[in-house]
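J.: I am attaching a structure below and will ask some questions about it afterwards.
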Amino acid sequence: MEKKLSIAIDGPAAAGKSTVAKIVAEKLSYIYIDTGAMYRALTYKAVVNELNLEEESALFDTLLSTEIKLLPSDNGQLVFLDNKDVTKEIRSSKVTNSVSYVAKHPLIRQEMVRRQQAFATEGGVVMDGRDIGTHVLPRAEVKIFLLASVDERAVRRHTENVQKGFPSDLNKLKEEIAQRDKIDSERETAPLKKADDAVEIDTTSLTIPDVVEKIMALVQERIGLG
Ligand code: CDP
Ligand code: CDP
């Protein structure tokens, strides 16, 4: 039987990670894990409970008593927080603009990484995030770092918002994406960083099928190596 690999996909906001990770997972019949959704779910709970996002110990206690489940569905991955479906709520701009403040705390990251590694013990997983290749799955057989210019990424999110009928301001989106990238890249614990052995793909002028094709070629190469 073909060996089941672990595939790590990292990169900044709106680089296309979750879109291509989902397609690659489907093609290979692997499970897809969106680690950003886990940080978003905790952030949603913290915002609803009006926790101070700078207070690591209160956030950590909350996380320890919180169940976060990621379930595949025909409409994409569903996110359950303490058995409540919060798939839509975790994408609000309030959560998006708060999540990096929650994700910078070392204790929060340690517990999230523990949970994420537990999903991947058998291989056969495509996981996307910021620190998958560097910390969560350092021995992943395929590591990808997706990039795109901040202008292109803002346009992508804007287009997505418009298609969904959400209010959207391109310039504001650009500022928010740049700010989130800055916090994610500058934090001390497991910052957003390309792993030394990751393959970088600049997707600025690539289509989604182009990116999927490049990743599948790398996967086939690894499978071929045995
Ligand atoms: O989809 P988008 O790129 O906008 O973000 P996401 O993947 O949902 O991640 C939301 C936030 O969670 C990021 O901006 C990081 O602050 C944090 N995150 C992280 O620190 N480490 C990960 N492995 C995944 C997400
Ligand atoms: O997960 P991440 O935040 O990195 O990005 P995403 O949510 O997968 O992609 C953001 C948007 O860019 C989606 O609407 C994708 O359809 C779009 N996209 C694109 O237009 N071209 C690509 N090469 C990749 C993604």
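The values are calculated or read from the model by the stated rules, or taken from the named source; none is laboratory data. Bear in mind that the values here come from a model prediction, so they are computed numbers and not experimental data. Please note: Cβ atoms are built from the backbone with ideal geometry, for glycine as well, and neighbour counts cover all protein chains shown. The accessibility values were calculated without ligands, DNA or RNA, using every heavy atom of the protein model including side chains. Shrake-Rupley method; radii C 1.70, N 1.55, O 1.52, S 1.80 Å.
J.: Size of region 1-43 along its principal axes in angstrom, Cα-based, largest extent first?
T.: The Cα atoms of region 1-43 stretch 40, 21, 14 Å along the principal axes, largest first.
J.: Let me ask another. Subtract the Cα-Cα distance of Glu122 and Ser29 from 0.36 nm times their separation in residues, and report this length gain in nm to one decimal.
T.: 32.1 nm
J.: I would also like to ask the following. Which ³J(HN,Hα) values, rounded to whole Hz and listed in residue order, are derived for region 186-191 from phi using the Karplus coefficients 6.51, -1.76 and 1.60 in 6.51 cos²θ - 1.76 cosθ + 1.60 with θ = phi - 60°, glycine and proline given as x?
T.: So the Karplus estimates, Gly and Pro as x, are 9, 5, 6, 8, 6, x Hz.
J.: Find, to one decimal place in angstroms, the Kirkwood hydrodynamic radius of region 51-119, where the mean of 1/r is taken over every pair of different Cα atoms and then inverted.
T.: Result for region 51-119, one decimal place: 13.1 Å.
J.: What are the residues whose amide H is under 5 Å from the amide H of Thr203, where those residues sit 5 or more places off or on another chain and H is modelled from the backbone?
T.: Amide H to amide H, under 5 Å and 5 or more residues apart or across chains, Thr203 pairs with Leu147, Ala148.
J.: On the first, second and third principal axes, largest extent first, how far apart are the outermost C-alpha atoms of region 1-154 in Å?
T.: Largest to smallest, the principal-axis extents are 48, 36, 31 Å.
J.: What is the set of long-range amide H partners of Leu78 at a cut-off below 5 Å, with H atoms built 1.01 Å from backbone N?
T.: Those lying under 5 Å, H to H, from Leu78 are Leu71, Ser73.
J.: At 0.36 nm per residue, minus the direct Cα-Cα distance, what do Glu175 and Asp210 gain on full extension? Give it in nm, one decimal, please.
T.: Full extension from Glu175 to Asp210 adds 9.8 nm.
J.: Using 0.36 nm per residue, how much length does the chain from Lys69 to Glu188 gain when fully extended, once their Cα-Cα distance is taken away?
T.: 40.1 nm
J.: Classify region 23-90 as rounded, prolate or oblate, taking a ≥ b ≥ c as the square roots of the eigenvalues of its Cα gyration tensor: rounded when a/c is under 1.5, otherwise prolate if a/b is larger than b/c and oblate if not.
T.: prolate
J.: Heavy-atom accessible area of Thr203 with all protein chains present, probe 1.4 Å, nearest 10 Å²?
T.: 0
J.: Kindly write out, for region 125-132 in residue order, the coupling ³J(HN,Hα) from the Karplus curve 6.51 cos²θ - 1.76 cosθ + 1.60 (θ = phi - 60°), rounded to whole Hz, with x marking Gly and Pro.
T.: 9, 10, 10, 10, x, 10, 10, 6
J.: On the protein heavy atoms, probe 1.4 angstrom, tell me the percent of accessible surface of the chain carried by carbon and sulfur.
T.: For the chain, the apolar C and S fraction of the accessible surface comes to 51 percent.
J.: Using modelled amide H (1.01 Å from N, peptide plane; none on Pro or chain starts), what sits under 5 Å from the amide H of Gly124, excluding residues fewer than 5 places away?
T.: Placed amide hydrogens put Leu5, Ser6 under 5 Å from Gly124.
J.: Also, quick follow-up: Applying the Karplus parametrisation 6.51 cos²θ - 1.76 cosθ + 1.60 with θ = phi - 60° to the phi angles of region 135-145, what ³J(HN,Hα) value in whole Hz is obtained for each residue in order, glycine and proline being reported as x?
T.: My calculation for region 135-145 gives 10, 6, 10, x, 9, 4, 6, 10, 10, 10, 10 Hz in order.
J.: Describe numerically, in nm with one decimal, the distance between label points set 7 Å from Cα along Cα→Cβ at Asn52 and at Glu2.
T.: 5.3
J.: Moving on. Just add up the charged neighbours of Ala21: K/R +1, D/E -1, any other residue whose Cβ is under 9 Å from the Cβ of Ala21.
T.: 0
J.: I need the Kirkwood Rh of region 72-172: take the reciprocal of the average 1/r across all distinct C-alpha pairs and report it in angstrom.
T.: Hydrodynamic radius (Kirkwood, Cα pairs) of region 72-172 is 16.3 Å.
J.: Let me ask another. So with the 1.4 Å probe, I'd like the accessible area per residue for region 87-226, rounded to whole Å².
T.: Per residue, region 87-226 has 54 Å² of solvent-accessible surface.
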